[in-house]
Amino acid sequence: MTDKTFILIAWRNVRRNGRRSFLAVLIASIGLTTLIISNSLYDGFHEKMIENAVRIYMGHIQIHEKGFHQNPTIDKRFEPSEEHLFNGIKTIRASSRRVKFQAMASTAASSQAVIAIGIEPEKEKEASILKGSVLSGDYLGTSEEESRDCLVGEYLFNNLRMEAGEKLVLVSQAVDGSLAADAFRVAGVCRTGNPDIDRSFVWIPLSSAQEMLGYGNSVSEIVLLLNRAADVEHTQKKIKQRVDAEKIEVLNWQEIAPDIVQLIALDIAMQRILMTVIAVIVAVAIMNVMMMSIQERFTEFGIMSAIGTRPGQIVMMVLWESFFLGILGVAGGLILSSAGLVFFYLHGVNLASFSAGVTKFIGLDTRVFPILKSQQVIISAFIVLASSTLISLFPALRAAHMDTVKAIRHI
Amino acid sequence: MENTVIRLKEVVKIYDGEYKVAAVNGISMSVERGSFSCIAGPSGSGKTSLLNLMGGLDKPTSGDVFIEDKNIAKFSRTKLSDFRLKKLGFVFQELNLIPVLTIRENIEFPLLLQGWDETRKKKAVNDIIEELGLEKLSERRPLSISGGQQQRAAVARAIVSNPAVILADEPTANLDSGNARSLIGLMNRLNREKGITFVLSSHDEMVLKEAGSIIYLRDGKIIQGA
Ligand SMILES: Nc1ncnc2c1ncn2[C@@H]1O[C@H](COP(=O)(O)OP(=O)(O)OP(=O)(O)O)[C@@H](O)[C@H]1O
Ligand SMILES: [Mg+2]
């Protein structure tokens, strides 16, 4: 009952100082908006980075002979039964087999060490963005006469001073130790956006690679693309149960590219710092307003105390007041950030205008769109509310423990 | 003893500022139930200090203050707060009321703090409002009514919970003579009709004329009365 009165007084005091309250609310709103938008853009950036890495080449899950990921040599190969491995696993969107080996690529003009990838053109189309990244020329086909076609990364194409349709000779070692060489016609040039790939990759049909290396039906890796990133863990587990762990490794993207995981962890740490800074700014702003508000109500508190209001009740009243400011700040922040999010959903943020090398991480479309996670919003709102209310303990205690006699003598 | 509401015994209050000031310098006195007393004296004579000690707002440097035979000099802060709430009513010079509450809510405030139930509270507040003729002002905020009206509302708040004594430090100091006269008239009537005990301080002749007994102070000492 009494509490209701103090809450009422607190609320009316918020309204009494309209301009000052508005300022505090505005700062809290902007703080919350900054948190929500930066969090959702970070999340969007991270998702895109993962998506890009996964879609360019890596896939969500890779299966190799044990040790291949650490040390990819041509003797590490396996002959998978896809039926046995993937049967009944519904989370798999696409799978593609590959042979991966180092080779020397030579043209009439020049030669260079490259990474040759034997792919199944039709399946690779589903599992990665390779087909979409063909800049000029054609993607690999499946017919007999196309079996000696190859795709070349854009930079490699330029470095070797090639021309479209020109022949490229790949030289490598076969499994039996003999020298293997084969000539391929450059059917297309690819731009994936990842400079490492564009500088050194040559794609050829899987069967040609197998033939060259004397692989028979064996491959270096199977790449899996799943429906959702969230499916990775349990899908990996299921597949692991179906293979001999002594011979076959089943790796997820985080194991394949720990640098991405670290980059994201670093961003999250930066974001925490930003959160702290914003919490402090909001807290200081609200505390300032409360301090001013209390300063000029010195007599009022003195009289309340004189007629029997307990110090604890005065503390509660002041805390409620700052809580209201915080709540209004959260409400304002939600409205502001909705507007901001709509803008960013529509336009995205073009990271290329901030950093040139960004394609390496997020691909050729350098726009990042926000991803809103309710959990993030709740945490951010809680931080703003908690920091504004808790900091007001100082002014609240000051008001509660003032010298009543002095406060009244103020009159 | 039954009839003594406040009793002071050898009370001394020394302020330890730049100079040591004995604002109250060994005062013994008592206030009888149903009396209407006034503390008079020149500025700086210790009127406010004395009233603050009587009301448990301040603690004496030495000596004892009894209210209804309880020695409040020994009370803790919270206990004093509760004691003031239940036993004492205060009227100050001005700015008595909580600005964001209406007159009705201000009068109701002590009852809320005491946790009175809704019906009893409503009746008490309505009775007081009617008795003091505040009906037209009851829904207004303090800053939108005159100083004299504010002081009447402050008296209403002070008496609403029926405390043992009302302490009023220069309640008319900021009022013109007409408003001052009517406020003192009101207090006098409440004293006569309802037996409410008042202790006022003032240096206004008109106020002093209305008082039942006058205590003259000078330099923290009683020079006449009590
Ligand atoms: N907090 C304080 N610190 C130091 N000295 C004080 C303090 N409060 C009052 N005094 C001094 O105590 C003495 C009595 O002051 P008090 O306010 O009680 O007088 P008063 O009779 O109420 O005066 P007035 O008529 O001006 O209100 C004065 O000399 C005053 O300066
Ligand atoms: Mg005084």
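Residues of region B:100-124 that bury at least 20 Å² of accessible area when the other protein chains are present, relative to the chain alone (probe 1.4 Å, heavy atoms, ligands and nucleic acids excluded): B:100, B:101, B:105, B:109, B:112, B:113.
The B and A chains share an interface that buries close to 2600 Å² of accessible area, total over both sides, probe 1.4 Å. Among the protein heavy atoms, those of residue A:360 account for about 90 Å² of accessible surface (1.4 Å probe, every chain in place). What is the angle, in °, between the Cα long axis of helix A:374-391 and the longest principal axis of the Cα atoms in chain A? Nearest 10 is fine, range 0 to 90. Roughly 30 degrees between the two axes.
Kirkwood radius, the protein assembly as shown, all distinct C-alpha pairs, inverse of mean reciprocal distance: 31.7 Å. Taking amide H atoms as placed 1.01 Å from N in the peptide plane, the amide H of residue B:215 lies under 5 Å from those of B:38, B:39, B:40, each 5 or more residues away in sequence or on another chain. Counting only Cβ charges, +1 for Lys and Arg and -1 for Asp and Glu, the dipole size of region B:4-224 around its Cα centre is about 420 debye. For chain B, the mean residue ellipticity at 222 nm estimated from helices alone is -11000 deg cm²/dmol, where every DSSP H run of n ≥ 4 contributes -39500 (n - 2.57) and the total is divided by all residues, rounded to the nearest 500. Accessible surface calculations at 1.4 Å, restricted to protein heavy atoms, place chain A at 46 Å² per residue.
For residue B:122, a cut-off of 16 angstrom between C-alpha atoms picks up these aspartates and glutamates, skipping any fewer than 8 places away in its own chain: B:105, B:108, B:130, B:131, B:135, B:139.
Measuring between their Cα centroids, region A:325-372 and region A:53-118 lie 35 Å from each other.
As a calculated quantity, the FRET efficiency between residue A:261 and residue A:12 at R0 = 56 Å, using C-beta atoms, amounts to about 0.60. The residues of region B:4-224 present an accessible area of 42 Å² per residue when probed at 1.4 Å with all protein chains retained. Quick check: the angle from helix A:18-53's long axis to the longest principal axis of chain A, C-alpha only, nearest 10 degrees? The two axes meet at around 10 degrees.
Distance between the C-alpha centres of region A:28-52 and region B:6-41: 67 Å, rounded to the whole angstrom. Candidates A:67, A:130, A:140 compared by Cα position along the dipole of region A:48-164: farthest toward the positive end lies A:67, with charges placed on Cβ. Computed with a 1.4 Å probe on the full set of protein chains, the accessible area for residue B:86 sits at about 120 Å².
Note on A:10-16: average number of Cβ atoms from other chains within 10 Å of each residue's Cβ is 2.
In this Cβ point-charge picture (+1 for Lys and Arg, -1 for Asp and Glu), region A:87-159 has a dipole of about 460 debye about its Cα centre. Please list, in order, the residues from region A:48-71 whose amide nitrogen is less than 20 Å from a point placed 7 Å along the Cα→Cβ vector of residue A:89. Residues A:51, A:53-70 fall inside that zone. Shown in residue order for region A:339-347 are the 3J(HN,Hα) couplings computed by the Karplus curve 6.51 cos²θ - 1.76 cosθ + 1.60 at θ = phi - 60°: 4, x, 5, 4, 4, 6, 4, 6, 9 Hz (x for Gly and Pro). Over region B:4-224, one equal point on each Cα, no solvent: what is log10 I(q)/I(0) by the Debye formula at q = 0.08, 0.09, 0.10, 0.14 Å⁻¹? Values returned for q = 0.08, 0.09, 0.10, 0.14 Å⁻¹ are -0.28, -0.35, -0.43, -0.86. Counting heavy atoms of the protein chains alone, residue A:198 has an accessible area of about 0 Å² for a 1.4 Å probe.
Packing here is the average count of other Cβ atoms within 10 Å per residue, and on that basis the peptides A:212-221, B:91-100, A:238-247, highest first, run B:91-100, A:212-221, A:238-247. Among the lysines, select those whose C-alpha is under 27 Å from the C-alpha of residue B:123, and discard any that sit fewer than 8 residues away in the same chain. In chain and number order, the partners are A:4, B:86, B:87, B:136, B:194. Along its three principal directions, the equivalent ellipsoid of region A:280-334 from the Cα gyration tensor extends over semi-axes of 25, 12, 8 Å, largest first. In chain B, the longest principal axis of the Cα atoms and the axis of helix B:103-114 are about 60 degrees apart. Counting only protein heavy atoms and a 1.4 Å probe, tell me what percentage of the protein assembly as shown's accessible area is made up of carbon and sulfur. After summing per-atom areas, the C and S share lands at 54 percent.
Per-residue mean of foreign Cβ neighbours for A:307-316 is 6 (Cβ atoms of other chains, 10 Å radius). Put the Cα centre of region A:220-272 next to the Cα centre of region B:167-224 and the gap is 87 Å.
Dipole magnitude for the protein assembly as shown: about 3060 debye, using +1 per Lys or Arg Cβ and -1 per Asp or Glu Cβ, origin at the Cα centre.
Counts of other chain beta carbons within 10 angstrom of each beta carbon in peptide B:76-83 average 3. A simple spin-label model places the labels of residue A:23 and residue B:193 4.9 nm from each other, with each point 7 Å out along Cα-to-Cβ.
Working note: 222 nm ellipticity from helices only, DSSP H runs with n ≥ 4, each -39,500 (n - 2.57), summed and divided by the residues of chain A, gives -17000 deg cm²/dmol to the nearest 500.
Distance check, please: which entries in A:48/A:167; B:9/B:121; B:79/B:221 exceed 31 angstrom between their Cα atoms? Table pairs above 31 Å Cα-Cα are A:48/A:167; B:9/B:121. By the rule of a C-alpha distance below 16 Å, with chain neighbours fewer than 8 residues away ignored, the lysines paired with residue A:238 are A:90.
The values are calculated or read from the model by the stated rules, or taken from the named source; none is laboratory data. None of the values given here were measured: they were computed from a predicted structure. In this analysis, Cβ positions are derived from the backbone assuming ideal geometry, glycine residues included, and neighbour counts consider all displayed protein chains. Just so you know, the surface numbers come from the protein's heavy atoms only, side chains and all, with ligands and any DNA or RNA stripped out. Shrake-Rupley method; radii C 1.70, N 1.55, O 1.52, S 1.80 Å.
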